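One structure is given below, encoded as structure tokens.
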Ligand SMILES: [Zn+2]
């Protein structure tokens, strides 16, 4: 999602607070396919807890995020944000555990021309295309504007992460008047998926609350994956578990990937992990798949562990 969540989601603060403890906490490696970097938002209340962020400076945000990654065994994080912030995170200890993404998500400035991204993909500075926030721009991901970017992703075989589903309540009245709920419907991806059968696409936020549409796309397009970011800590825990269970019951558990959508609250990484780990209906194998193996396969990591 994006930073305006700071203000608009504060009222949801108590909803995700109580979670049943899992019988056996997950202790294996984790890949977080959805993180953001950039300026801190001092004092911003965490939308899940109502508590002010633990990161009050840019340096804090970076250090505390890396600290949470180490604490939870996050062996790889896909981040997006300003280039300098992504480079700084790698330098500050993240190293190869940080993959930088092209963040096409600012509703207020023009998207960078695809050609500007070409060099960064070619030299490996960027390894992912995403998060793509077309919905915030009032753009349909299957429309013409996206084609040059997709051509580039195809050329370099770069995974593409597209924002789907929810945004902070009130978004069209705040940052992004062009935002529309319906543009986050996973069905909007279908024409693009038909045109680009080889693209590695994943749906950020697993299309919530479009459950039927998410099932339909994942079922029909076996290359498509989905991340569980933000819904695993911002929406009510029971609602997240119902949604997750429905996708797993539908046979789609091997296409789901863990993500936190860490924005300006490093502690949200822990909350996101707890959101998945407290899902008592998941077997240890299913948890391992969601926390690590599905992403390792999707991202084509060289080794299973990545450590
Ligand atoms: Zn998003």
(Q) Being within 16 Å of the ligand (Cβ to nearest atom), touching a helix residue (DSSP H, G or I) at 6+ places or on another chain (Cβ under 7 Å) and either assigned to a helix (DSSP H, G or I) or over 26 Å from residue 54 (Cβ atoms) (or both) is the filter here; which residues of segment 257-271 pass it? (A) 269
Q: Hey, could you check segment 133-151 for residues that are within 18 Å of residue 197 (Cα to Cα) and out of contact with any helix residue (DSSP H, G or I) (no Cβ under 6 Å at 6 or more places or on another chain) and say which is nearest to the ligand (Cβ to nearest atom)?
A: 146
Q: For segment 222-238, indicate whether the set of residues that are part of a helix (DSSP H, G or I), buried (at least 24 other Cβ atoms within 10 Å of the Cβ) and in contact with a helix residue (DSSP H, G or I) (Cβ under 6 Å, 6 or more places away or on another chain) is non-empty.
A: no
Q. Given (1) within 16 Å of the ligand (Cβ to nearest atom); (2) more than 22 Å from residue 286 (Cα to Cα); (3) within 19 Å of the chain's Cα centre (by Cα), where does residue 213 come up short, assuming only one miss?
A. (1)
Q) Does residue 282 meet the test of being in contact (Cβ under 8 Å) with a residue 24 or more places away in the chain, within 28 Å of residue 167 (Cβ to Cβ) and part of a loop (DSSP other than H, G, I, E, B)? A) yes
Q: Go through segment 62-93 and give me each residue that's in contact with a helix residue (DSSP H, G or I) (Cβ under 6 Å, 6 or more places away or on another chain) and in a helix (DSSP H, G or I).
A: 62, 66, 68, 89, 92, 93
Q | Number of the condition not met by residue 173 [criteria: (1) away from the ligand (no atom under 14 Å from the Cβ); (2) closer than 23 Å to residue 260 by Cβ; (3) modelled with pLDDT of 95 or more] | A | (2)
Q) In segment 200-215, what residues are surrounded by 19 or more Cβ atoms within 10 Å (Cβ to Cβ) and assigned to a loop (DSSP other than H, G, I, E, B)? A) 200, 208, 210
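The values are calculated or read from the model by the stated rules, or taken from the named source; none is laboratory data. Please read these numbers as outputs of a predicted model, since none were measured by experiment. Here the Cβ is made from the backbone with ideal geometry for all residues, glycine too, and neighbour counts use every protein chain on show.
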